[in-house]
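Down below is the structure, laid out as structure tokens.
The values are calculated or read from the model by the stated rules, or taken from the named source; none is laboratory data. Just so it is clear, the structure is predicted and the values come from calculations on it, not from any experiment. The accessibility values were calculated without ligands, DNA or RNA, using every heavy atom of the protein model including side chains. Shrake-Rupley method; radii C 1.70, N 1.55, O 1.52, S 1.80 Å.
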Amino acid sequence: QEELSNLLGYILGISWSYYLNKKYNFKSSTVHKQALPRFFVSMVVAYIVNISIFSFFYRILDINVYVSTIVGGVFYTFVGYFMSYFWVFKKRGLK
């Protein structure tokens, strides 16, 4: 049950994030057919970076779990933002 709740939370969170980023942060006119799969890929990459950084800090460097979580979250946020800016919602025609 907790796993299902967690999965639904991620799905809702990513969906809401996609909508808000497309509409407000990047004011993108990129079609959903192109942007949505890219956004999903960018979130998967950001998550992999997050879990890798967290694991390195927590498991290898033996840093506090909460500090490791925050550090991983910071990397997740930056990776997700920059992938969205430069790839997912990139304004076409700009160099």
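Some notes on this structure:
- Per-residue accessible area (protein heavy atoms, 1.4 Å probe) orders Val88, Val31, Val41, Val79 as Val31, Val41, Val79, Val88, starting from the largest.
- To the nearest 10, the accessible area of Phe56 is 100 Å² with a 1.4 Å probe.
- Under the criterion of Cα pairs below 8 Å and six or more residues apart, the relative contact order for the chain equals 33 percent.
- Accessible surface, per residue, of the chain when the full set of protein chains is kept, probe 1.4 Å, Å²: 75
- Surface share of carbon and sulfur [accessible, 1.4 angstrom probe, percent] for the chain: 69
- Note on exposure: Tyr85, Tyr58 ranked by accessible area (1.4 Å probe, complete protein assembly) read Tyr85, Tyr58, with the most exposed listed first.
- Global geometry of region 46-95, whether rounded, prolate or oblate, following the gyration tensor of its Cα atoms and the 1.5 cut on a/c: prolate
- Reported label for calculated mean projected area of the Cα convex hull in nm² given (i) 5.6; (ii) 7.3; (iii) 6.6: (ii)
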